[in-house]
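Read the figures in this text as sums done on the coordinates, not as results from a lab. Just so we're clear, the structure is a prediction, and the values are computed from it rather than from any experiment. Here the Cβ is made from the backbone with ideal geometry for all residues, glycine too, and neighbour counts use every protein chain on show.
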């Protein structure tokens, strides 16, 4: 039997809950920021993008629209299942942001839209994920 309290404590939601997130929260809160985020990274055709804490893939889909080669990572299998359905062109992995399974220099850019709040250790300094360039400074 699945312990839903244990899943919730680990940040896991069902694919059904992720579908609701996609239908309700993405249009209301997250969708509007995907394109401006990508514009800040300069990601374009043929660039390799790592989308960390990708959720249902709103940034992933925007990057695919820009002809980027996208690898999306989320700790939540339910979110990944929705993202895979909506962006089958991307590669997906289920992993925590704190322990990404990639080599240095593997990506041209890294995005993380609204994911930091869900990281296990929010105070930890994070290395350059996958050898990514320094963050855009404004």
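At 37 °C and 0.692 mPa s, what whole-number value in µm²/s does Stokes-Einstein give for the translational diffusion of the range 4-119, with Rh from the Kirkwood sum over Cα pairs? For these conditions, the coefficient is 233 µm²/s. Each of 67, 51, 108 was scored by other Cβ atoms within 10 Å of its Cβ. Arranged with the fewest first, they read 67, 108, 51.
A crude spin-label estimate for the pair residue 39 and residue 114, with each label 7 Å from Cα along the Cβ direction, gives 1.9 nm. Take every Cα pair under 8 Å in the range 4-119 that's 6+ residues apart, average their separations, divide by the length, and report that relative contact order as a whole percent. Computed value for the range 4-119: 30 percent relative contact order. Measuring r between the beta carbons of residue 85 and residue 121 and using R0 = 30 Å, the FRET efficiency lands at 0.50. Rg and Dmax of the range 61-107, based on Cα coordinates, read 11.0, 29 Å.
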